[in-house]
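Heads up: the structure comes next, in structure tokens.
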């Protein structure tokens, strides 16, 4: 058995297909004030396939936890996400070693904007999920978006966690605190 608690607690909460575009963010151009974000701590138990454990803590309220398995692909891929007990997720995070990420996620309309902390400090990304593989990005993109990195595997959370730092040649693009 992959994890001993599967039989007891797994409850699938997401559809199996994730379609998203990811961009770097120019934080100085973000609208002010920023909405309160939720703290996300995630770790990677496996990189092929990606098996992620995540604990999300909203500004007010109780933490929630998820176990996610992601298929291959960058823009379109299978994604299976299951709610798990927070205490067990925290224990699983300890098994991720250095393959962990800490970030704050803010919702800006349809966009999810992530501000990374710790060894990824200074990195901001934004993602938009689309309803189908044929769906197109909105015609007008927010001015605070930087370069699209959807097809750059260095900017997947799994790769960022494994590498420990984000690519230096792109740091000046988004450098700076808001």
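Quick notes on this one:
- Considering segment 24-45, the residues that are out of contact with any helix residue (DSSP H, G or I) (no Cβ under 9 Å at 6 or more places or on another chain) and assigned to a strand (DSSP E or B) include one that is surrounded by the most Cβ atoms within 10 Å (Cβ to Cβ), namely 40.
- Residue pairs meeting the criteria (Cβ under 7 Å; at least 6 apart or on separate chains; first touching a residue at least 12 places away in the same chain (Cβ under 8 Å), in segment 139-150; second loosely packed, with under 15 Cβ neighbours inside 10 Å and outside any loop (DSSP other than H, G, I, E, B)): 143/29; 144/29; 146/173; 147/173
- If the condition is being touching a strand residue (DSSP E or B) at 6+ places or on another chain (Cβ under 7 Å) and closer than 13 Å to residue 162 by Cβ, then segment 27-50 contributes 42, 43, 44, 45, 50.
Rule-based calculations on the coordinates, nothing more; no lab input. Since we're looking at a predicted model, the values are computed, not measured. Every residue, glycine among them, receives a Cβ derived from its backbone with ideal geometry; neighbour counts consider all protein chains shown.
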